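Q: Okay, here's the structure, questions in a sec.
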Amino acid sequence: MSTFLLVILALLPVAFFCGLVIWADKYERESFLPLLICFALGALAIIPSIYLENGVLEARWFDLTDNWHLLLYSFVGIALIEESFKALAFFAYPYGQRFFNEPFDGVVYAVMISMGFAGVENILYVLDSGMEAGIARALTAVPAHATFGVVSGYYFGRSKFESTQIWALIAIGGLAVCIFHTGYDFLILQDISQYLMLGASFSIYILSILCFFMVRNALYHSPFRQEKS
């Protein structure tokens, strides 16, 4: 398969989740430019993430043949790094802007950042490993990043409009997404059982149910809801 077609294959699931979150934003949809900037910031966030992740591996702080070390590595060496740079992009740009004017905007912009990150990551994997990797990641890694974006965006979005709990909500969102991300990567990387590896994919679809209720709750608290009803 040509490089062009592989890139298209890598980006199709990313486009799907971008379209899905934009479609779900039914009360006050966001302008194209902020969405594009968030996507681009997410794509850029993968550069320092790869650099630090490679640094952790080269430092050999963790014995990846030991499952407890692998779990800790999944948290410190992958989840914490990736979610920190996504959060940095979120708070650096959309969080303080005037167009961020309802709780669900947190979900929208966090998912766009996550999809920018996932898009570049997916291209790198697909160009390296081919069509099979693209199909597998379309059903696993890309939905994982989308759900991570919903979880963090839900809490970060609430934090902007619940002034008495700003830092608590930010902390809950950051910790929750790191825990979910850690669990997913650990199940993918472990060699205890192939069934656990399959469980990583299953867990994402379980998490998507939680994301559905988060989306519904964020939309319910939109100040624009009454205007549309």
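The values are calculated or read from the model by the stated rules, or taken from the named source; none is laboratory data. Only a predicted model underlies this, so the values are computations on that prediction, with no experimental measurement involved. With ideal geometry, Cβ positions are generated from the backbone for all residues, glycine too; neighbour counts draw on all protein chains shown.
Q: Regarding F85, is this residue among the aromatic types (F, W, Y), within 16 Å of the chain's Cα centre (by Cα) and under 22 Å from V126 (Cα atoms)? Show your work before the answer.
A: Working: among the aromatic types (F, W, Y): yes; within 16 Å of the chain's Cα centre (by Cα): yes; under 22 Å from V126 (Cα atoms): no.
It is false that F85 is among the aromatic types (F, W, Y), within 16 Å of the chain's Cα centre (by Cα) and under 22 Å from V126 (Cα atoms).
Q: Among the residues of segment 173-214, which ones are modelled with pLDDT of 95 or more and in contact with a Phe, Trp or Tyr (Cβ under 6 Å, 6 or more places away or on another chain)?
A: G173, V177, H181, T182, M214, listed by residue number.
Q: Moving to a separate point now. Which residues, taken from segment 28-51, are more than 17 Å from the chain's Cα centre (by Cα) and buried (at least 16 other Cβ atoms within 10 Å of the Cβ)? Let's see the steps before the verdict.
A: Of segment 28-51, the ones more than 17 Å from the chain's Cα centre (by Cα) are 28-34, 51.
Matches in segment 28-51: E28, E30, P34.
Q: If we keep just the residues of segment 139-172 that are without any contact (Cβ under 8 Å) to a residue 24 or more places away in the chain and in contact with a Phe, Trp or Tyr (Cβ under 7 Å, 6 or more places away or on another chain), which is farthest from G77 (Cα to Cα)?
A: So the residue we want is L169.
Q: Let me ask something else. Return the pairs, sorted by first residue and then second, in which the second residue is in a loop (DSSP other than H, G, I, E, B) and not polar (S, T, N, Q), the first residue lies in segment 106-131 and is surrounded by fewer than 24 Cβ atoms within 10 Å (Cβ to Cβ), the beta carbons are less than 9 Å apart, and the residues are 6+ apart or on different chains.
A: Short answer, once both residue conditions are applied: G130/M1; M131/M1.
Q: Taking helices (runs of 4 or more DSSP H) that fall entirely within segment 137-229, which contain at least 2 residues that are of a type in the set (S, T, Y)?
A: Values: elements: 141-161, 166-189, 194-220, 225-228.
It comes to 141-161, 166-189, 194-220.
Q: Scan segment 7-25 for residues that are of a type outside the set (A, V, I, L, M, F, W, C), surrounded by 13 or more Cβ atoms within 10 Å (Cβ to Cβ) and within 20 Å of E102 (Cβ to Cβ) and report the count.
A: Of the residues in segment 7-25, the ones of a type outside the set (A, V, I, L, M, F, W, C) are 13, 19, 25.
Restricting the remaining residues to those that are surrounded by 13 or more Cβ atoms within 10 Å (Cβ to Cβ) gives 13, 25.
This time we only want the ones that are within 20 Å of E102 (Cβ to Cβ), so: 25.
Looking only at that region, the number is 1.
Q: Another question about this same structure. Regarding segment 192-204, can at least one residue be identified that is buried (at least 20 other Cβ atoms within 10 Å of the Cβ) and under 19 Å from the mean Cα position of the chain (by Cα)?
A: Taking segment 192-204 first, the residues buried (at least 20 other Cβ atoms within 10 Å of the Cβ) are 204.
Filter again for under 19 Å from the mean Cα position of the chain (by Cα), leaving 204.
Looking through segment 192-204, at least one residue is buried (at least 20 other Cβ atoms within 10 Å of the Cβ) and under 19 Å from the mean Cα position of the chain (by Cα).
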